[in-house]
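Read the structure below first, then the notes.
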Number of protein chains: 2
Amino acid sequence: MEHGAQFLEKYGHDKDGNWYFSLNREGKPLIAPYNIFSDCFATMAFGQLSKATGNDRYARIAVDTFKNILKRSENPKGIYNKAIRDTRPLKGFSLPMILCNLSLEIEHLLERDFVDETIDRCIHELMEVFYDKQSGLIRENVNPDGSYSDSFEGRLLNPGHGIEAMWFVMDLAVRNNDKALIDKAVEITLNILDHSWDKEFGGLYYFLDIKGKPVQQLEWDQKLWWVHIETLISLVKGYYHTKNSDCLAWFEKVHEYTWSHYPDPQYGEWFGYLNRRGEVLLPLKGGKWKGCFHVPRGLYQVWKTIEKMELSQKRDA
Amino acid sequence: MEHGAQFLEKYGHDKDGNWYFSLNREGKPLIAPYNIFSDCFATMAFGQLSKATGNDRYARIAVDTFKNILKRSENPKGIYNKAIRDTRPLKGFSLPMILCNLSLEIEHLLERDFVDETIDRCIHELMEVFYDKQSGLIRENVNPDGSYSDSFEGRLLNPGHGIEAMWFVMDLAVRNNDKALIDKAVEITLNILDHSWDKEFGGLYYFLDIKGKPVQQLEWDQKLWWVHIETLISLVKGYYHTKNSDCLAWFEKVHEYTWSHYPDPQYGEWFGYLNRRGEVLLPLKGGKWKGCFHVPRGLYQVWKTIEKMELSQKRDA
C-alpha cells in the first residue's frame with residue numbers, strides 16, 4: 001500500500017499542499033486542485049496509513065492537509081469558483097458533512113479540544129442549519145444565515161448525501177454518548193428514504209427539488225451505486241442502535257435492490273450508474289468519480305455492524 | 001427588443017467587456033464570465049440589432065466583443081480553466097465552430113479581408129483538423145497538432161455539435177461558391193446521423209465515444225431538443241443544395257421524431273430534455289442552458305430554406 005502513498009506524496013499535491021483532482025499515469029497533474037474533496041480523501045488516507053504504519057511523515061501530511069481544508073473552508077473552490085459570491089452567497093452541505101467523518105478518521109492525530117469543537121460545530125450545521133424542520137429533509141445549499149434560498153441551488157436535495165451524513169452523525173453520537181442525536185439521525189434517514197425512493201422503478205433518485213420542481217442536473221433520475229451502499233450503512237447502524245423495525249424493513253428493501261442491480265455477474269465489481277429503470281447506463285467500473293472507495297468502505301461498515309449485533313445477541317443469549 | 005439590449009448593455013458584462021454567464025433578476029451577476037459562449041451570443045445579438053436599428057453603439061459592442069473573443073480564443077476559460085494545459089493540452093471544436101457562424105452574422109461590421117481570413121481558418125479547423133477521415137466523424141477535442149488523443153476527451157463525440165457545424169459550413173460554402181465543400185458537409189452530416197441515431201428508441205444520442213467505450217457524461221443517452229432542430233436545418237439545407245435523397249429521407253425521419261416528441265401539447269413551446277426512450281425527463285421550458293435560441297432560429301432556417309426551394313421550383317416550372 002505504500003507504493004500508492006509514495007506516488008501521491010511525490011506527485012499528488014502542489015507546492016502549497018493542495019491536492020490535485022487528477023494526475024496522468026506518469027504523475028503529472030491533469031486537473032488543478034479546485035476540489036477540496038481531494039484534500040479530504042488525502043487526509044483520510046494518510047491519517048489511517050500513519051495509524052497502520054506508525055510513520056510520522058504520513059501523520060504530518062494528514063494533519064497539514066486537514067488544517068489546509070479548514071483554512072479553505074470559507075471558499076472551498078477558491079479562484080476556481082465561478083459563482084459570484086456577493087450576489088447569492090450560498091453555503092453547501094458537503095464540507096461540514098465530510099468534516100464530521102474526517103475528524104473521526106484522524107482523531108488520533110488531533111488535540112482533544114480541537115476535535116470536540118470541530119465535531120460540535122459540524123453536528124450543529126448538519127442537524128440544525130441544513131436540516132429543514134418543515135419537510136424533515138436535508139437541504140444541499142442554504143443562505144449564509146441558514147435560511148432557505150428559493151433558487152435551483154437552494155431547492156436542491158441530494159438524498160444519498162443526506163443519508164450518508166446520517167451515519168457519520170450516528171458515529172459521532174456514539175462517541176459523544178448522545179442517544180437523542182442517534183434517534184434524530186435515524187428519523188432523518190427514514191424521512192429521506194421515504195421521500196426519495198422511486199415508487200415506480202425502485203431505487204433512490206440522485207437529485208430532487210424540495211418543491212417538486214425540475215432540477216438543473218440532467219442525471220437527476222439515475223440510480224447511483226454510492227447512494228445505495230451508503231444507505232445500507234445508515235440503515236444497519238440505525239437498526240443496531242435503535243432496533244427500529246423500519247430500519248430493518250428498509251434495509252432489506254435497499255439490500256435487495258442493491259445486490260440485484262449493481263454487482264457485475266460477469267466480471268465482478270459493481271456498476272456505478274444505472275438509469276431510472278435500473279438498467280446499466282455506463283458499464284465502466286472506475287472513472288472520474290467512481291473509485292475504490294464507497295463499495296469496500298460500505299461492505300466493511302455493514303459487516304462490522306452486523307458482527308457487533310451477532311456478538312451482542314450471543315452475549316444476551 | 002431594445003429593453004433587453006439596454007439591460008444587457010448596462011449589466012451584462014464586466015468592466016473589461018467579458019459577458020457574464022448569468023445575472024439575477026435585478027441584473028447583478030450570478031456567474032463569472034468564464035464561458036466565452038456568452039460573448040459569442042452577445043456578439044450575434046448586438047450585431048444583428050445594429051443592422052435592424054442602424055444604431056452604431058450596438059455595432060461597436062458587437063465588434064469589441066468579437067475582438068475580445070479572438071483575444072481569449074487560445075484559452076477561452078482563462079483563470080476558470082481547471083485543466084492543467086501543459087499536461088494534456090487539448091483544443092476544442094466549439095470555438096472554431098461558433099466562429100464560423102459568428103463571422104457571417106456580423107460580416108457587415110468587419111473588414112472583408114479579416115472575414116475571409118477568419119472563415120478560411122475556421123473551415124480548415126472544422127473540416128481538416130477536427131474531422132476524422134478514418135471514421136468520417138467530427139471529434140470534439142484533439143491534440144494541439146490535430147492528432148488523436150486517446151483519452152475520454154479525445155474520444156468524445158457530440159453528434160449534435162458536429163451536425164450543427166455542417167450547416168454553418170454550408171452557409172460559408174455558399175458565400176465562397178464552393179460546391180465541393182457543400183458536398184463534403186452533406187456527407188459528414190449523413191455520416192454522423194448514421195452513426196449516432198439510436199436504432200432501438202429513435203433520436204440522436206447526446207454524447208458518444210469514438211471507440212464505443214463508456215463516456216464520462218452521465219447524460220450521454222438523452223435526446224436533446226437542440227440536437228434535433230439543428231439536424232433538421234443541416235438536412236434541409238443539404239437537400240436544397242444537393243438534392244441528395246438521403247437528406248430528404250433523414251429529414252422526414254428526424255422531423256417525425258422531433259415533432260412527435262418535443263412540442264408540449266398542453267402549454268406550447270418545446271420540452272428540452274428527453275430520456276433515451278423519448279420520455280420527458282425535465283419538463284422545464286427554460287433553464288441554465290435552454291433559452292429562446294435554437295427553436296426559433298431552427299424554425300426560421302428550415303422555413304426560409306423550404307421557401308427558397310418552392311421559389312426555385314416555381315421558376316423551373
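The values are calculated or read from the model by the stated rules, or taken from the named source; none is laboratory data. None of these values were measured; they are calculated from a predicted model. Because the Cβ atoms are built from the backbone with ideal geometry, glycine has one as well, and the counts that use them run over all protein chains shown. The area values use the complete protein model at the heavy-atom level, side chains included, leaving out ligands, DNA and RNA. Shrake-Rupley method; radii C 1.70, N 1.55, O 1.52, S 1.80 Å.
Put simply, of A:32, A:42 the only residue that is away from every other protein chain (no Cβ under 14 Å), within 25 Å of the chain's Cα centre (by Cα), open to solvent by less than 30 Å² (accessible area, probe 1.4 Å) and not hydroxyl-bearing (Ser, Thr, Tyr) is A:42.
Remark: pairs (first residue in the range B:258-269, farther than 20 Å from residue B:205 by Cβ and touching a residue at least 24 places away in the same chain (Cβ under 8 Å); second residue of a type outside the set (Ser, Thr, Tyr) and outside any loop (DSSP other than H, G, I, E, B); Cβ separation under 9 Å; 6+ apart in sequence or on different chains) = B:269/B:263; B:269/B:295.
Against the definition (without any contact (Cβ under 8 Å) to a residue 24 or more places away in the chain, in a helix (DSSP H, G or I), surrounded by fewer than 15 Cβ atoms within 10 Å (Cβ to Cβ) and not basic (Lys, Arg)), how does residue B:120 come out, yes or no? So residue B:120 fits the description; yes. Pairing residues of the range B:1-26 that are farther than 25 Å from residue B:52 by Cβ with residues that are part of a loop (DSSP other than H, G, I, E, B) and basic (Lys, Arg), at Cβ distances under 9 Å and at least 6 apart in sequence or on separate chains, gives B:21/A:82; B:21/B:288; B:22/B:288; B:24/A:88. For the range A:148-180, a residue qualifies if it is open to solvent by 20 Å² or more (accessible area, probe 1.4 Å), part of a helix (DSSP H, G or I) and within 26 Å of residue A:117 (Cβ to Cβ), and the qualifying residues are A:161, A:171, A:174, A:175, A:176, A:179, A:180. Looking only at the range A:77-95, which residues are within 21 Å of the chain's Cα centre (by Cα) and within 14 Å of another protein chain (Cβ to nearest Cβ)? Of everything in the range A:77-95, those that are within 21 Å of the chain's Cα centre (by Cα) and within 14 Å of another protein chain (Cβ to nearest Cβ) turn out to be A:77, A:90. Can you find even one residue in the range A:156-169 that is of a type in the set (D, E, K, R) and in contact with a strand residue (DSSP E or B) (Cβ under 9 Å, 6 or more places away or on another chain)? No, the range A:156-169 contains no residue that is of a type in the set (D, E, K, R) and in contact with a strand residue (DSSP E or B) (Cβ under 9 Å, 6 or more places away or on another chain). Among the criteria (1) more than 14 Å from chain A (Cβ to nearest Cβ); (2) at negative phi; (3) among the basic types (Lys, Arg); (4) open to solvent by 40 Å² or more (accessible area, probe 1.4 Å), the one residue B:277 does not fulfil is (1). Taken together, the residues in the range A:123-145 that are more than 25 Å from residue A:105 (Cα to Cα) and loosely packed, with under 14 Cβ neighbours inside 10 Å amount to 4.
Here is a yes/no grid of residues against (1) at pLDDT 95 or above; (2) of a type in the set (A, V, I, L, M, F, W, C):
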| site | (1), (2) |
| --- | --- |
| B:229 | yes, yes |
| B:271 | yes, yes |
| B:282 | yes, yes |
| B:300 | yes, no |
| B:315 | no, no |
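Here residue A:308 passes the criteria (1) basic (Lys, Arg); (2) within 14 Å of another protein chain (Cβ to nearest Cβ); (3) over 25 Å from residue B:221 (Cα atoms) except the one numbered (2). Which residue, of B:285, B:290, is outside any strand (DSSP E or B), within 11 Å of chain A (Cβ to nearest Cβ) and under 13 Å from residue B:222 (Cβ atoms)? Step by step, each of B:285, B:290 is checked, and only B:290 is outside any strand (DSSP E or B), within 11 Å of chain A (Cβ to nearest Cβ) and under 13 Å from residue B:222 (Cβ atoms). Of all residues in the range A:87-144, those satisfying the criterion of being modelled with pLDDT under 95 and either small (Gly, Ala, Ser) or in contact with a His (Cβ under 6 Å, 6 or more places away or on another chain) (or both) are A:92, A:94, A:103.
The set of residues in the range B:185-241 being acidic (Asp, Glu) and within 14 Å of chain A (Cβ to nearest Cβ) consists of B:198, B:200, B:209, B:219, B:221. Quick check on my filter: what residues within the range A:232-280 are in contact with an Asp or Glu (Cβ under 8 Å, 6 or more places away or on another chain), assigned to a helix (DSSP H, G or I) and of a type outside the set (Gly, Ala, Ser)? Selection gives A:233, A:237, A:242. Annotation note: of A:62, A:52, the sole residue that is buried (at least 16 other Cβ atoms within 10 Å of the Cβ), modelled with pLDDT of 95 or more and away from chain B (no Cβ under 14 Å) is A:62.
Looking across the range B:45-56 at every residue that is in contact (Cβ under 8 Å) with a residue 24 or more places away in the chain and within 14 Å of residue B:9 (Cα to Cα), the one that is farthest from the chain's Cα centre (by Cα) is identified as B:50. When the range B:242-262 is limited to residues that are hydrophobic (A, V, I, L, M, F, W, C) and surrounded by 17 or more Cβ atoms within 10 Å (Cβ to Cβ), the one that is nearest to the other protein chains (Cβ to nearest Cβ) turns out to be B:254.
Among the residues of the range A:263-272, is any hydroxyl-bearing (Ser, Thr, Tyr) and open to solvent by less than 50 Å² (accessible area, probe 1.4 Å)? No; the residues of the range A:263-272 include none that is hydroxyl-bearing (Ser, Thr, Tyr) and open to solvent by less than 50 Å² (accessible area, probe 1.4 Å). Can you tell me which residue in the range B:4-27 is farthest from the other protein chains (Cβ to nearest Cβ), limited to those that are of a type in the set (Phe, Trp, Tyr) and surrounded by 14 or more Cβ atoms within 10 Å (Cβ to Cβ)? In this case the residue turns out to be B:19.
Number of residues in the range B:181-200 that are without any contact (Cβ under 8 Å) to a residue 60 or more places away in the chain, open to solvent by 30 Å² or more (accessible area, probe 1.4 Å) and in a helix (DSSP H, G or I) equals 5.
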